[in-house]
Structures are given as structure tokens and as C-alpha cells.
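Inspection log for the structure reproduced underneath, given as C-alpha cells.
Read-outs throughout are calculated quantities, based only on the coordinates presented, and are distinct from any laboratory measurement. Owing to the predicted nature of the structure, the values given are computational and were not obtained by experimental measurement. Reconstructed Cβ throughout: ideal geometry from the backbone, glycine too, with neighbour counts over all protein chains shown.
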There are 2 protein chains.
Amino acid sequence: MNIGEVSQHTGLPPKTIRYYEDIGLVKPLRDANGYRAFRESEMHKLAFLGRARTLGFSIEDCRNLLALWEDKNRASADVRAIAKEHLAQIEAKISGLQEMRDTLSTLVRDCAGDDRPDCPILKTLGTAAAT
Amino acid sequence: MNIGEVSQHTGLPPKTIRYYEDIGLVKPLRDANGYRAFRESEMHKLAFLGRARTLGFSIEDCRNLLALWEDKNRASADVRAIAKEHLAQIEAKISGLQEMRDTLSTLVRDCAGDDRPDCPILKTLGTAAAT
DNA sequence: CTTGACCCTCCAGCGACTGGAAGCCCCATA
DNA sequence: TATGGGGCTTCCAGTCGCTGGAGGGTCAAG
């Protein structure tokens, strides 16, 4: 399978697939002409990576998850630990963003948004703690 | 005012302040010895930047907001437009993360997390669309 | 034989810093 | 006057996960 086909099946751009090879996540064979030749197993790995990435796992997490995936004797606890840690980070990120959103939406609501220069958004940024 | 003092007042690390000078957000004077000499106005700008950044505005947004802040004749509509756009992006980011969180927390919940290799997290990543 | 779609490598850049090296400068203390 | 410690300077490189582009080889169809 050439990179294009793999790209279509996995939804990952060719550039990304090449990058994943660069950093050692997949190791496709090569045809005589130098083209990458992906086996089924390679493609499944890439699909796995794609899904793990959509769930926001870092590349290093992905590398570990992939290793666990390949290891038929792994303990599910190991996987769960990674996922839990990641979940906690996502939750932290969400609440940070929610704080931003709350402050911002108050400011946007209170701003007339007309031709006059008076603006609570700038006023807040200029003087108060924007929390 | 030296960079250290400004750093203390604004909460921004010296490195960041130097970086902001590099990209033209502030233009401190220089003492004879080469040290940066910040005026009050510079420090206020930096404080403004710090607050705008905590609200998640990009550097380019900050540059624009700063210009509007300095322009006493600006229309509040211009500021509001930037903030609204940013707010929309934050909301998009939040809902993306919430989707991740929902999927992940289901998976984490369903995973025994013991010594056995059976793991719904890996099962999902390996086969299904992780949505 | 040419066209156009593929594929290859290598280098650079994104955003917003951050770390570290190498080297001044300034002040206090011995 | 020497020394030590902190603060300041510049410059370069690295972070993360790609992405764009240049410059070129390969392949199948018409």
C-alpha cells in the first residue's frame, strides 16, 4: 500500500504519516523505487494513532498506548493510568477555558460595540485583574 | 525601571518581556550600560498584555487590542469584534475538549484497570471511531 | 513523448515562549 | 582592592505536532 492509499484509509495526511515514520511510530517497508510500502498492520497502527490523537493524547502517550496495544499481556491498569492522567489534563484545560469564556462573555455583553470609544473590555484589560 | 522590577509588577517572566520587545510590542529605552529602561507606560502595556494573554488572546490579537487601547478615538465595536471572535474560538475549543472528555471518561469508567490485558480503551482505539 | 498525479527528501516555519551558554555590570563585604 | 553573587545582556536551540514548499524521481494513460 502506498502512502496515498493509507492516507485515504486513515484520514491522516501523507505529511503526517511521514512524520510518524520519522519519529519511529511506524516502520513501513520500501519498494524498489523508494516508495513506502505499508502493510495492513502498519495501517491499523496509523488508524489507531489517528483516533488516539483525536482524543487529544500526546505523541508520547500515543507511543506508549501503541506499545501496550501491541503487547497482548499488558495490564489494563497501565492503559487506564495514561487515560486517566490525560483526562485530568483535559478537564483542567476545560475549566481554564471556561473561566476565560465567562470573563470574556461578560465583557462582550457589557460592551456597547458602537462608534463610541468607551469600552469596558479595554478598561478591564487596562486596569483590573482579568479573572 | 529594570526588567526585573517590571517582571515583578506584571508577573511576566523577564524572558517573555524581552520576547515582547523582540516582536515589537514594547519599545523600552536603554540605559548607558545597555540595560532596558522601562517607563511607566511601558509597564502598563505589559500588564495589559499579561491580562489579555490570560484571557487567551493571541499575540496578534494583543497587538491589535493594544493599538486600540492607545487610540483614544477607537470605536468600541472594533474591540468587541476581536473579543467576540476570540470568544467563539474558545467556545469551539471547549466543546471539542468536552467531546474528548466524554468519550474518554466513558472509556476510563469501563476499563477494569487491573492486571488483566482486556481493555476497552485499547479496543476502541483499535477498531471504532473514537467519537 | 508528454502530461499529470503520485512519490521522495530536505529545509524552514508556525506560536509563544523557555532553557542555557557566555559574558558584562554593579554593589556589598572582607 | 579583590571577590562573590546577583542581575543584566545577547544569541542560539529546543519545545509540540505538524505543515508548506522547493526540487526532483516515478509511473500509468493517452
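General observations
- Per residue Cα convex hull volume in Å³ - calculated over chain A: 177 Å³
- Inter-part distance where the range A:11-90 and the range B:1-68 are each reduced to a Cα centre, Å: 41 Å
- Among the listed pairs A:15/B:45; A:123/B:15; A:15/A:93; B:93/B:123; A:84/A:123; A:93/B:15, a Cα-Cα separation exceeding 32 Å is found for A:15/B:45; A:84/A:123.
- Compactness of the range A:1-52 as Cα Rg over 2.2 N^0.38 Å, two decimals: 0.99
- Residue exposure sequence - A:79, B:26 - by fewest surrounding Cβ within 10 Å: B:26, A:79
- The phi-based Karplus calculation (6.51 cos²θ - 1.76 cosθ + 1.60; θ = phi - 60°) puts the 3J(HN,Hα) values of the range A:50-63 at x, 5, 5, 5, 4, 7, x, 5, 5, 4, 5, 4, 4, 4 Hz, whole numbers, x for Gly and Pro.
- Candidate aspartates and glutamates - alpha carbon under 15 Å from residue A:72, same-chain residues fewer than 8 apart omitted: B:114, B:115, B:118
- Start at zero, step by 5 Å, and the Cα-Cα distances of the protein assembly as shown spread as 1, 5, 11, 12, 10, 10, 10, 9, 10, 9, 7, 4, 2, 0 percent across the bins.
- Peptide A:63-75 shows a mean partner chain C-beta count of 3 within 10 Å per residue C-beta.
- Amide H contacts of residue B:37 (H built 1.01 Å from N, under 5 Å, at least 5 apart or other chain): B:29, B:30, B:31
- For the range A:53-106, the C-alpha radius of gyration sits at 1.52 times the compact-globule guess of 2.2 N^0.38 Å, with N the residue count.
- Whole-number percent relative contact order across chain B, with pairs defined as alpha carbons under 8 Å at least 6 apart: 15 percent
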